[in-house]
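A.B. asks: Below you will find the structure I want to go over with you.
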Amino acid sequence: MDRKLNSGNVIDALSDLFILRGILSFIRHDNGPEFVAEAVQDWIRAVSAKTAYIEPGSPWQNGYCESSNARFPDEFLNGEIFYSLREAQILIEE
């Protein structure tokens, strides 16, 4: 959770997840700038993972994520008032 994610944020998050759960065979992603960045693609290759790209305009290729993105505002964000970005980050992570 942040105002904007960049390739460094993505690499940090993926590194933490890989440490906790092991290296994934595939990382499914869309064409967002943080995922198509050369640094992220280089890092994914370096850890021997592969990408499973979601074509633009094809949300059915990742239904779980799209469903979560659609429900999240209604189930959490619309019912909470956040007084700072840090407060939102802590509550969302919980």
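Any read-out appearing in this document is the output of simple, stated calculations on the displayed coordinates, not a laboratory observation. None of the values given here were measured: they were computed from a predicted structure. Glycine gets a Cβ as well: all are built from the backbone with ideal geometry, and neighbour counts include every protein chain shown.
A.B. asks: For residue 51, enumerate residues with amide H under 5 Å from its amide H, sequence gap 5+ or separate chain, H modeled in the peptide plane.
C.D. replies: Residues meeting the criterion, in which the H sits 1.01 Å from N, are 27.
A.B. asks: Here's something else I'd like to know. For residue 80 and residue 13 in one chain, what is 0.36 nm times their gap in residues minus the Cα-Cα distance, to one decimal in nm? Walk me through the numbers before you get to the answer.
C.D. replies: Working: separation 67, 0.36 × 67 = 24.12 nm, distance 2.48 nm.
Taking 0.36 nm per residue and subtracting the Cα distance, the gain is 21.6 nm.
A.B. asks: If each of residue 49 and residue 93 carries a label point 7 Å out from its Cα toward its Cβ, how far apart are those two points in nm?
C.D. replies: 1.9 nm
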